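Trainee: There's a structure below that I have some questions on.
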Amino acid sequence: MNARELQDLLRDLLEELIFAHGDGDDPLADLAERTAGIRSLSTYDDAGILTHDKGLVVECDDGGEFHLTIVQSDCGDCEEDDA
């Protein structure tokens, strides 16, 4: 796995939870309650953040914004081009 794959995986997971928030019929609804207060989520690329890093921008209902940067510290068994 590389930084982009992890970024996309985390984005997809959090988006699923955000969409399930408030939907009592969704089996993820209880867990989704923990996403209360998150207004939007985007990747650095989608948000136009000028960096080579991968990460997520989290915008909150109260106007707060967080940048979560993903830094791969070890490549493991991956090819260097994948990092």
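Trainee: Tell me which residues, restricted to segment 51-67, are out of contact with any Phe, Trp or Tyr (no Cβ under 9 Å at 6 or more places or on another chain) and either touching a residue at least 60 places away in the same chain (Cβ under 8 Å) or closer than 18 Å to Gln7 by Cβ (or both).
Mentor: Once the filter is applied, which keeps residues that are out of contact with any Phe, Trp or Tyr (no Cβ under 9 Å at 6 or more places or on another chain) and either touching a residue at least 60 places away in the same chain (Cβ under 8 Å) or closer than 18 Å to Gln7 by Cβ (or both), segment 51-67 yields His52, Glu65, Phe66.
Yes or no, residue by residue, for (1) in contact with a strand residue (DSSP E or B) (Cβ under 8 Å, 6 or more places away or on another chain); (2) assigned to a loop (DSSP other than H, G, I, E, B); (3) not hydrophobic (A, V, I, L, M, F, W, C):
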residue: Arg4; (1), (2), (3): yes, no, yes
residue: Leu13; (1), (2), (3): no, no, no
residue: Gly24; (1), (2), (3): no, yes, yes
residue: Pro27; (1), (2), (3): no, yes, yes
residue: Asp30; (1), (2), (3): no, no, yes
residue: Ser40; (1), (2), (3): yes, no, yes
residue: Ile49; (1), (2), (3): yes, yes, no
residue: Gly63; (1), (2), (3): no, yes, yes
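Trainee: Looking at segment 1-10 only, could you name the residues that are touching a residue at least 12 places away in the same chain (Cβ under 8 Å) and within 12 Å of the chain's Cα centre (by Cα)?
Mentor: Ala3, Arg4, Leu6, Gln7, Asp8, Leu10
Trainee: Among what's in segment 11-70 and is of a type in the set (Lys, Arg) and surrounded by 14 or more Cβ atoms within 10 Å (Cβ to Cβ), pick the residue that is nearest to the chain's Cα centre (by Cα).
Mentor: Here the residue is Arg11.
Since every read-out is calculated from the coordinates, none of them should be taken as a lab result. Quick caveat, the model's predicted, so the values are computed rather than measured. In this analysis, Cβ positions are derived from the backbone assuming ideal geometry, glycine residues included, and neighbour counts consider all displayed protein chains.
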